[in-house]
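Reading through the structure tokens given below for one structure.
The values are calculated or read from the model by the stated rules, or taken from the named source; none is laboratory data. Because the structure is a prediction, the values reported are computed rather than measured. Because the Cβ atoms are built from the backbone with ideal geometry, glycine has one as well, and the counts that use them run over all protein chains shown.
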Amino acid sequence: MVYGHQYLIGESTQCLVSYTFVAATPRFELFILGFLAFMRYYIVCYNIKKSRKFWIISFLLILTPVVGLHLYLLAIFDANPTPSYLICSSFFKPKPGSFILSIIISFLIATPSWVSTYCYFVIGIKSYKKLRQMSIEASISNDSESETRLLKLKYSLIFQLSTVFIVFNIAYMPIFITIILRVIIGYRRPPFVDAVIIELYQTCRAVDPIITIIFQPELSYEFKLFLTKSKARFKSFITSLFR
């Protein structure tokens, strides 16, 4: 923290770098995750498949305003250290138009989180109904092995949906709420609270890809294939060392 206090000077180059890679990049990640969640929701719930070109163009259209806003912030050197001096962020000093842009920034965090929550919950509820129907059929046919397996899948699904709700809502909401309070009443997070919120935010970033892989069968398959190939290559490398 002492190093950060000396290094992260407001509106400096190092503060802009910190803002870009630590504060702005996670917002892009949230939009990517939200878009992937919407894709899965659209395919699963409506059984309509679009071309790759359609999804790429749609993604670029959604992401362009977000990129434009952050490029604007970089252009005006709007980056200052947070109270804990762990990272730099925008709109910590009043500037013309900062009120409206602060509101936009807060919704850049909240909107993808809400979209992801809604899409994954709809998919999860649909899957749960299907599992329940399969359980009824297994019970009628006295297939105890299938009943046990389906029960485990139900518990796993409930756990996954609980994780989605916690990560995309409970974990991210303190950031959203404190930004709104800062805009409305000038609230400034105490250093300790700021540090806790930032670390919680960074921890959830590590969980987000796991959630995406769980709900995206194609990504899950590619990830498992990657792990299998990596494991085989590692074993081959170790074996070659002892020949």
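Taken together, 222, 199, 218 contain a single residue that is closer than 27 Å to residue 115 by Cα and at pLDDT 75 or above, which is 199. Taken as a whole, the structure leaves residue 146 outside the set of residues that are of a type in the set (Gly, Ala, Ser), modelled with pLDDT of 80 or more and farther than 29 Å from residue 101 by Cβ.
Quick grid of which residues meet (1) within 20 Å of residue 200 (Cβ to Cβ); (2) small (Gly, Ala, Ser); (3) part of a helix (DSSP H, G or I):
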{"position": "14", "(1), (2), (3)": "no, no, yes"}
{"position": "17", "(1), (2), (3)": "no, no, yes"}
{"position": "24", "(1), (2), (3)": "yes, yes, yes"}
{"position": "27", "(1), (2), (3)": "yes, no, yes"}
{"position": "33", "(1), (2), (3)": "yes, no, yes"}
{"position": "38", "(1), (2), (3)": "no, no, yes"}
{"position": "41", "(1), (2), (3)": "no, no, yes"}
{"position": "44", "(1), (2), (3)": "no, no, yes"}
{"position": "50", "(1), (2), (3)": "no, no, no"}
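Within the stretch 102-115, does at least one residue satisfy the condition of being assigned to a helix (DSSP H, G or I), over 30 Å from residue 210 (Cα atoms), at pLDDT below 75 and of a type in the set (A, V, I, L, M, F, W, C)? Checking the stretch 102-115: not a single residue is assigned to a helix (DSSP H, G or I), over 30 Å from residue 210 (Cα atoms), at pLDDT below 75 and of a type in the set (A, V, I, L, M, F, W, C). Within the stretch 151-206, restricting attention to residues that are touching a residue at least 60 places away in the same chain (Cβ under 8 Å) and among the hydroxyl-bearing types (Ser, Thr, Tyr), the residue that is surrounded by the most Cβ atoms within 10 Å (Cβ to Cβ) is 172.
Scanning the stretch 125-144 for residues that are free of Cβ contacts under 8 Å to residues at least 60 places away in the same chain and either of a type outside the set (A, V, I, L, M) or part of a loop (DSSP other than H, G, I, E, B) (or both) yields a count of 13.
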